[in-house]
There are 2 protein chains.
Amino acid sequence: MNKINRVAIIGGTHGNEFTGVYLLKKFEQDLNLVKRPSFETLTLLGNPQAFKESRRYIHQDLNRSFFSQDLQNSTLTGYEEMRAKVIEKMLGPKGNSQVDVIIDLHSTTANMGLSILLGELHPFTLQLAAYLTSINPEVKVCYTQFEKESNLLRSLCDFGFAIEVGPVAQAVLNAELFQKTEELVYAVLDYLERSNQDTIEKKNSPLTLYRHMGAIDFPRNEHGEIKAMIHPQLQFKDYQPLHPGEPIFLTFDGQAIAFDGTSTVYPIFINEAAYYEKGIAMCLTEKQQLEVSNI
Amino acid sequence: MNKINRVAIIGGTHGNEFTGVYLLKKFEQDLNLVKRPSFETLTLLGNPQAFKESRRYIHQDLNRSFFSQDLQNSTLTGYEEMRAKVIEKMLGPKGNSQVDVIIDLHSTTANMGLSILLGELHPFTLQLAAYLTSINPEVKVCYTQFEKESNLLRSLCDFGFAIEVGPVAQAVLNAELFQKTEELVYAVLDYLERSNQDTIEKKNSPLTLYRHMGAIDFPRNEHGEIKAMIHPQLQFKDYQPLHPGEPIFLTFDGQAIAFDGTSTVYPIFINEAAYYEKGIAMCLTEKQQLEVSNI
């Protein structure tokens with residue numbers, strides 16, 4: 001890993017995810033909180049207009065607006081399409097970014113605790129993730145492999161990841177989660193500083209990785225309306241094993257619908273408000289035990 | 001109490017309060033669920049456009065759009081200002097409504113459990129409320145006295161009340177709360193039916209009433225931005241006693257702010273997402289024990 005020179009902390013990529021927005025405001029009032037001796041730290045409010053309106057987005061999800069071809073397409077003039085270009089100008093260009101690390105702060109109505117969402121399995125981010133889980137067992141690490149290219153904001157740089165915390169309702173602050181997220185950000189920054197100083201202990205570390213396998217939509221009728229809810233037995237059970245045959249949905253008439261998979265999975269993002277429109281009732285992951293080395 | 005001829009059940013007065021919307025959809029697919037022999041039941045989706053966009057409202061809060069003078073003012077042309085007029089045409093006119101009872105279904109991010117919100121203390125609604133708490137101790141009853149006139153949708157008729165359930169995030173369905181709300185609606189309808197049949201037992205019943213005293217805003221800076229969060233010790237503690245000197249807020253720097261009242265109160269709507277913009281961090285109530293008679 002080369003020296004880290006610039007780190008960007010983003011909050012409010014979704015305007016109704018207040019934890020990140022208010023952490024950002026706190027950092028911006030006292031930049032010393034996120035400065036470290038060996039690198040520069042930038043802060044950025046992702047979607048100011050959406051925050052103003054307490055909405056996830058104005059025209060489209062900003063965090064799905066970073067495909068290279070969209071960033072280069074000047075005929076796209078929706079609010080988030082333009083905002084993505086502005087952000088790329090500040091942090092990018094994609095593939096050759098001005099920042100070495102992006103920390104994108106998100107929150108969710110699902111019981112995701114303190115999650116680190118990785119977009120690639122670079123040894124350095126795996127070591128960082130292993131370190132974070134070692135100092136705080138509440139931290140979980142997820143990995144989603146993109147088929148071709150990621151359209152997420154954090155894909156602007158090689159070492160971009162999201163901190164996803166929950167459960168917390170949209171447009172609400174939960175003080176406990178706020179403080180835990182803040183501690184986690186400081187732990188990341190301290191680790192990056194020690195990496196630059198080359199004072200990280202050389203060793204193998206265990207890492208539990210939740211690898212994204214796919215998503216399940218709600219049952220829907222011919223008009224696309226949902227016909228069932230997350231089953232009470234599954235609600236808030238993110239990261240817990242779901243076995244074939246166990247209930248996942250409950251129809252409005254009280255009928256349970258069972259998981260028809262053939263192997264045990266670990267659902268995450270169960271009942272995330274913003275995913276209803278994306279056709280996602282939950283994401284399924286498989287749990288993997290890794291040994292991460294920085295030797 | 002005269003005979004009840006028509007009852008209106010409203011869901012989605014706020015478009016991102018899904019419990020009511022999907023209960024309504026269920027009722028509309030099988031009206032027998034909410035029909036009773038002695039009265040007619042209407043169902044109405046309050047704010048269809050806001051539901052379509054998963055937002056509380058488009059231009060303004062529909063549930064604050066029912067002042068008589070606004071309903072009569074044809075120069076008001078915001079979406080909710082017009083929708084209020086349409087709803088008044090269907091259910092009103094205010095003061096001489098076509099329906100005898102309005103049940104308005106709401107949900108909240110606060111831990112309100114199953115709450116009945118009364119706008120007036122008519123003996124009949126008090127008896128109904130006492131009955132509901134007698135069959136389900138989870139049911140709580142709140143009362144807000146309006147200074148002059150209520151601008152709430154349910155004020156269109158004399159016996160309008162809200163069922164407010166939580167905690168549930170905006171734009172999310174919680175199956176357990178859905179089912180409990182459904183049971184509560186049926187209990188109301190069954191009571192109204194028995195009232196019409198004159199088969200309600202004559203007796204005195206105890207009723208605990210949470211009487212609205214006022215609201216507390218978040219601490220804010222000179223730009224109106226909030227400077228503190230609900231204190232973790234108070235979060236989700238709706239209806240529990242709050243004593244003078246106990247912490248209610250936590251600043252972003254981790255400083256507790258104490259309740260500076262002089263008597264014990266019972267906060268409700270603690271950390272309701274939609275109330276941030278209204279300048280309400282919580283509402284304060286006093287707890288009263290009543291004896292309700294239908295003799």
Expected output for the stretch A:126-147 (first residue within 19 Å of A:TYR239 (Cα to Cα), partner among the polar types (S, T, N, Q) and at pLDDT below 95, Cβ below 8 Å, 6+ apart or cross-chain) is A:ALA130/A:SER205; A:SER134/A:SER205
Checked pairs for the stretch A:24-42, first within 13 Å of another protein chain (Cβ to nearest Cβ), second modelled with pLDDT under 95 and assigned to a helix (DSSP H, G or I), C-beta under 8 Å and 6 or more apart or across chains, list as none
The one condition B:ALA162 fails out of (1) surrounded by fewer than 22 Cβ atoms within 10 Å (Cβ to Cβ); (2) within 13 Å of B:LEU184 (Cβ to Cβ); (3) small (Gly, Ala, Ser) is (1)
Filter the stretch B:52-76 for residues that are within 18 Å of the chain's Cα centre (by Cα) and of a type outside the set (S, T, N, Q); the one that is farthest from B:LYS89 (Cα to Cα) is B:ARG55
Look at B:LEU284 and say whether it is under 22 Å from A:SER54 (Cβ atoms) and not assigned by TED's automatic domain parsing to the domain that holds B:THR109.
no
All-but-one check, A:ILE10 against (1) in a strand (DSSP E or B); (2) surrounded by fewer than 21 Cβ atoms within 10 Å (Cβ to Cβ), failing number (2)
Reported set for the stretch B:96-153 where residues are farther than 21 Å from B:GLU286 by Cα and in contact with a His (Cβ under 9 Å, 6 or more places away or on another chain) is B:HIS106, B:SER107
When the stretch B:60-75 is checked residue by residue, the ones that are surrounded by fewer than 17 Cβ atoms within 10 Å (Cβ to Cβ) and either assigned by TED's automatic domain parsing to the domain that holds B:GLU277 or outside any helix (DSSP H, G or I) (or both) are B:GLN60, B:GLN72, B:ASN73, B:SER74, B:THR75
Taking the stretch B:39-50 and keeping only residues that are crowded, with 16+ Cβ neighbours inside 10 Å and within 23 Å of B:VAL101 (Cβ to Cβ), one is left with B:PHE39, B:THR41, B:LEU42, B:THR43, B:LEU44, B:LEU45, B:GLY46, B:ASN47
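Yes or no, residue by residue, for (1) surrounded by fewer than 16 Cβ atoms within 10 Å (Cβ to Cβ); (2) more than 25 Å from A:ILE280 (Cα to Cα):
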position: A:VAL172; (1), (2): no, no
position: A:ASN196; (1), (2): no, yes
position: A:TYR210; (1), (2): no, no
position: A:PRO219; (1), (2): yes, no
When restricted to B:ASN204, B:ASN294, the only residue surrounded by 18 or more Cβ atoms within 10 Å (Cβ to Cβ), under 30 Å from B:PRO123 (Cβ atoms) and modelled with pLDDT under 95 is B:ASN294
If you go through B:THR19, B:THR43, B:THR13, the only one that is within 20 Å of the chain's Cα centre (by Cα) and farther than 29 Å from B:LYS148 by Cα is B:THR19
Picked from the stretch B:30-56 (must be touching a helix residue (DSSP H, G or I) at 6+ places or on another chain (Cβ under 7 Å) and part of a helix (DSSP H, G or I)), the residue farthest from B:GLU80 (Cα to Cα) is B:LEU33
Within the stretch B:76-94, residues being farther than 16 Å from B:LEU156 by Cβ and in a loop (DSSP other than H, G, I, E, B) number 3
All conditions in (1) facing chain A (nearest Cβ under 10 Å); (2) not in a loop (DSSP other than H, G, I, E, B) are true of B:LEU234 except (2)
Exception for B:SER97 within (1) under 22 Å from B:LEU24 (Cα atoms); (2) in a helix (DSSP H, G or I) falls at (2)
Picked from the stretch B:120-137 (must be surrounded by fewer than 20 Cβ atoms within 10 Å (Cβ to Cβ) and not hydroxyl-bearing (Ser, Thr, Tyr)), the residue nearest to the chain's Cα centre (by Cα) is B:GLU120
Checked the stretch B:161-217 for anything within 14 Å of chain A (Cβ to nearest Cβ), within 17 Å of the chain's Cα centre (by Cα), assigned to a helix (DSSP H, G or I) and not aromatic (Phe, Trp, Tyr); matches are B:LEU177, B:LYS180, B:THR181, B:GLU182, B:GLU183, B:VAL185
In the stretch B:243-281, anything farther than 26 Å from A:GLN170 by Cα and either touching a Phe, Trp or Tyr at 6+ places or on another chain (Cβ under 7 Å) or not assigned by TED's automatic domain parsing to the domain that holds B:ASN221 (or both) is listed as B:PRO244, B:GLY245, B:GLU246
Next on the checklist: Given the criteria within 16 Å of A:ILE163 (Cα to Cα), in contact (Cβ under 8 Å) with a residue 24 or more places away in the chain and not hydroxyl-bearing (Ser, Thr, Tyr), does A:GLU53 qualify?
Outcome noted: no
From the option list A:THR125, A:THR109, single residue qualifying as among the β-branched types (Val, Ile, Thr), at pLDDT below 95 and either under 21 Å from A:GLY20 (Cβ atoms) or in a helix (DSSP H, G or I) (or both) is A:THR125
request  = Please tell me if B:LEU31 is in the same structural domain as B:ASN196 (by TED's automatic domain parsing), closer than 28 Å to B:PRO123 by Cα and either surrounded by fewer than 19 Cβ atoms within 10 Å (Cβ to Cβ) or in contact with a strand residue (DSSP E or B) (Cβ under 6 Å, 6 or more places away or on another chain) (or both).
outcome  = no
Just one listed residue, out of B:LYS148, B:LYS140, is among the basic types (Lys, Arg), over 20 Å from B:ALA8 (Cα atoms) and crowded, with 23+ Cβ neighbours inside 10 Å, and it is B:LYS140
For the stretch A:261-274, the count of residues that are farther than 15 Å from A:ARG211 by Cα and free of Cβ contacts under 8 Å to residues at least 24 places away in the same chain equals 2
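The values are calculated or read from the model by the stated rules, or taken from the named source; none is laboratory data. For clarity, every value in this text was computed on a predicted model and none was experimentally measured. Counting neighbours? That spans all protein chains shown, and the Cβs are built from the backbone with ideal geometry, glycine included.
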